[in-house]
C-alpha cells in the first residue's frame, strides 16, 4: 500500500483533547509522525498579566482539567517566593495531602482513558468510579469538583472539614484494596500485556535529550522526581519511594503510575498523621515587590514550572508557565516511528496528554 | 404440525378465499376473459405455486422470529454491559420490562435521520454495501432451524434443505466483500484501513472456522442441521471436539467483530472504522446486523456443538435451542466488556499460528473418532 498521511485529530477519539497528530503510515506501520498543538490556546499567560495576584488562582486551575489543584498550588508557591510570604506549617501539610489526592485522581483518570483507548471498557468504568471517591473528598475539602480554587497566597482557603481525617483514611484504605484489584485486572489480562510490553520504547538518552519529565522519564530509568530531588513544601518530612523502571515501554509507564498511586496513598496517610494544629492561612501583601519568583513542582504529568515577574504593582508583569506535556508531546515522533497504527493509542495514551496545560 | 404444513394451510385457505371471489367475478365477463380468470385462479391454487409461496412465507416467519430474538440480543448487549460495567443500562424506555423498548426507540430515531452520501464517495458502492451486508446476514437466519418442526423445509415431511449448514457458512462469509466495498467506496482513509483490516481478519479466521465445522460434518456425516443435531443424541460434539468448540467460538468472535477482535471498527484509532461515513438508518442496519450475525453465530455454535434443540422435554425444543444460543451470546458479551482489543498483526498471528493448527488437530481427532467407529 502507498504511504499516506492520516490525521488523528483535532476531532478524533484518540486525542483526549483538541490537538492533531498527523501520522504517515505505510500500510499499518508508522513511518513518520508530526504533532500539531495549539487548538486550545487561550492566552492564559497574557490574561494573567491583567489580573491581580489573587484573581489569577482560578485561572491557573483551568490549566489542566485532570489535576487543577497542582497548578494553583504551583502558582501560589511561585508568588509566595516572589513576595516572601511564610506559609503556616498546617497549610503546607494540607496542600501536600490535597495534591497527593489530586495525583491519585489524575492517575486514575489517566488509567481510565488508557483502558478506554485499548478497548477495555471495564477498566474505564471501574477506575472512573473509584476516582469519584477522591473527587468527593476534594469536594468536601474545597467545595468544587473539577476546578478547586483552593490554595491561597500564604496558605489555603479553608481548614479541613469535620471528620475529614477519618474519611480520608477510609478512602485510602479502600483505594489500596482497589489498586490490588486493578493490578490483577490489567496485568492478569494477556491481551493488555501483549499491547503494552515492548511497545513505544523511549530510551534513557532520548528521554533526557528531549526534556521528557515525570512518569514517562522515570519509566525510562531516570530517577528524577522533584519531590525528592528538589524538595519543596513539606515533602522532606515524608517517607516515600520514587517509582522507577528501566524498560521505557508502555508497560513501564503504566507500572510507574500504578506505583506512584501506592506512594501517594502512603503520603496522604503520613500527612494526615503529622499535620500540626494552628493557622492555615497568612495575610499576604497586596502588591508584590519588583523581582522574580520561581516555583517548581512535580505535576502528575512531569515537571511544572512557573516563573513570575513582579513590578511593584498588584499585577504580575509576566507569568511564564512551563508545561510538562508540551515538552513530552515533542518526543512523540521519536517514540511512534516503527510501530503499528494501533500502537498510536497505546503510546499517546501512555504519555498522559493534557491539552489544557499544553496549549495554555 | 410443522412449519411447512402450517404455512401451507394458511396459504391454501387464503387462496381458496380469494379464488371464490375471483371465479364469481369471472362469471360476469365474456368467455375469453372468463377463461383467463379461471386459468389464473387454477394456477394460484396449483400445488407448485402454493409450495413456492409457502417456502417464501416460511423464510419470512423464520426471519421475523429471529429478528425478535435479535432485539433481545441487543437488549442483553446493553443491559449486560451495564451489569458488568457498573451502570444501569436502558431503563426508562419500557420501564416495566427493563428498558426493552430502548432499541426500538433508537431505531426510530435513526429512521428519521437524513441519509448523507459523501460527495466524493462512489455512490453505487456506497449505497449497495449495506444492502449486501444486511441481506447476506439475514439469509443465514432462514436456514437455521429452531427445532425439527420449526425450519425451512420444501415438503410436508419436514425435510430440511440438505446442505443447510454449508449454505449458512457460505452466507456468513459474504460479509467481508460488503465491508471492503463500504470501506473502499466511502473514499476515506479510516474506512479504507478498516475495510482492509476486515478483509484480512475475516479471511484468516474463515479457514479455522470452516475446518471446525468440517469436523462436525465429518462426525455427523451430513450437512443437514437435523442430521447434525440427531447425531448428538448420545453425546454433544462439545465433548469429543472440545478444541474445535473453543476455536470455533474464537473465530465467531472475530467474524462478528466484537471487542477483542473489533479491529475493523477500532474506535480509538479509526474513529468508527469502515462505518465512519455511514449515518442514519444505514448505520443502524450495520449495528443491527452485528447482532444478527451474533445470533447466527450463537445458533451455529449451538447446532454444531451444544446438541441443538436437545434437552429435557419439559421445555419445548425451540426454547432449548434459544437458551443455548443466548448462553453463547452472553459468553461473547462477557468477554467483550472485560478484555482490551488486540492489534492486527497479533490477531493475524493468532489466527494463522495458533487457531489453524488447532483446527487441523481437531479435524484429525474427528477423523480418528469416525474411523474408530465411535460415531
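Every read-out reported here was derived from the displayed coordinates using simple, explicitly stated rules and does not represent laboratory data. For clarity, every value in this text was computed on a predicted model and none was experimentally measured. Counting neighbours? That spans all protein chains shown, and the Cβs are built from the backbone with ideal geometry, glycine included.
Among A:86, A:36, B:269, rank each residue by its count of other Cβ atoms within 10 Å, from fewest to most, as a rough exposure measure.
Working: A:86 10, A:36 13, B:269 28.
In increasing order of surrounding Cβ atoms, one gets A:86, A:36, B:269.
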- prompt: Using every alpha carbon pair in segment B:4-45, what percent of pairs falls into each 5 Å bin from 0 up to the bin containing the largest distance?
  reply: 5, 26, 26, 18, 11, 8, 4, 2
message: Averaged across B:332-341, how many Cβ atoms of other chains sit within 10 Å of each residue's Cβ atom?
response: 5
- line: Measuring from the longest principal axis of the C-alpha atoms of chain A, the long axis of helix A:164-187 (C-alpha) lies at a number of degrees, nearest 10, equal to 10 degrees
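In deg cm²/dmol, rounded to 500, what helix-only [θ] at 222 nm does chain B give when every DSSP H run of at least 4 residues adds -39500 (n - 2.57) and the total is split over its residues?
On the way: 15 runs with 257 residues, N = 375.
-23000 deg cm²/dmol, from helical runs alone.
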task: Would you give the gap between the C-alpha center of segment A:75-110 and the C-alpha center of segment A:205-234, rounded to a whole Å?
output: 19 Å
- prompt: Which order results if B:32, A:224, B:91, A:39 are arranged by neighbouring Cβ count within 10 Å, fewest first?
  reply: B:32, B:91, A:39, A:224
field: the protein assembly as shown shape via C-alpha gyration tensor axes, a/c threshold 1.5
entry: prolate
- line: Helix B:242-256 sits off the longest principal axis of the Cα atoms of chain B, rounded to the nearest 10 on a 0 to 90 degree scale, by 80 degrees
field: Rounded D (µm²/s) - segment B:114-371, Kirkwood Rh over Cα pairs, Stokes-Einstein at 10 °C, 1.306 mPa s
entry: 84 µm²/s
- line: Percent relative contact order for chain A, counting Cα pairs under 8 Å at least six residues apart, stands at 27 percent
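Got the relative contact order for segment B:55-140 handy, in percent, Cα pairs under 8 Å and 6 or more residues apart? Before the final figure, lay out each step's value.
On the way: 37 pairs, mean separation 13.8, N = 86.
Averaging sequence separation for qualifying contacts and normalising by length gives 16 percent for segment B:55-140.
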task: Could you tell me how many degrees, from 0 to 90 and to the nearest 10, lie between the Cα long axis of helix B:280-305 and the main elongation axis, the longest principal axis, of the Cα atoms of chain B?
output: 90 degrees
- prompt: If one computes the Cα centroid of segment A:128-203 and of segment B:300-319, what distance in Å separates the two points?
  reply: 49 Å
query: At what distance in nm do the modelled label points of residue B:155 and residue A:294 sit from each other, each positioned 7 Å from its Cα along Cα→Cβ?
result: 9.6 nm
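Only helical DSSP H runs with n ≥ 4 go in: add -39500 (n - 2.57) per run for chain A, normalise by residue count and round the 222 nm mean residue ellipticity to 500 deg cm²/dmol.
-15500 deg cm²/dmol
Over chain B, what is the mean sequence separation of C-alpha contacts under 8 Å (at least six apart), divided by residue count, expressed as relative contact order in percent?
On the way: 538 pairs, mean separation 73.9, N = 375.
Contact order relative to length: 20 percent.
Calculated FRET efficiency, residue B:56 and residue B:25, Cβ-Cβ r, R0 41 Å, to nearest 0.05? Don't skip to the answer; put the middle values down first.
On the way: r = 26 Å, r/R0 = 0.63.
Computed FRET efficiency for residue B:56 and residue B:25: 0.95.
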- request: Label chain A by shape, choosing from rounded, prolate and oblate, from the square roots a ≥ b ≥ c of the eigenvalues of the Cα gyration tensor; if a/c is under 1.5 it is rounded, and otherwise prolate applies when a/b is larger than b/c, oblate when it is not.
  value: oblate
Euclidean distance of C-alpha centroids, segment B:25-64 and segment A:2-18, integer Å: 60 Å
message: Classify segment B:245-375 from the C-alpha gyration tensor, please: rounded if a/c falls under 1.5, else prolate or oblate depending on whether a/b exceeds b/c.
response: oblate
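Send over the Kirkwood Rh of segment B:236-322, from the inverse of the averaged 1/r over different Cα pairs, rounded to one decimal Å. All intermediate terms of the calculation are to be shown ahead of the outcome.
Values: mean 1/r = 0.0673 Å⁻¹.
Here the Kirkwood hydrodynamic radius works out to 14.9 Å.
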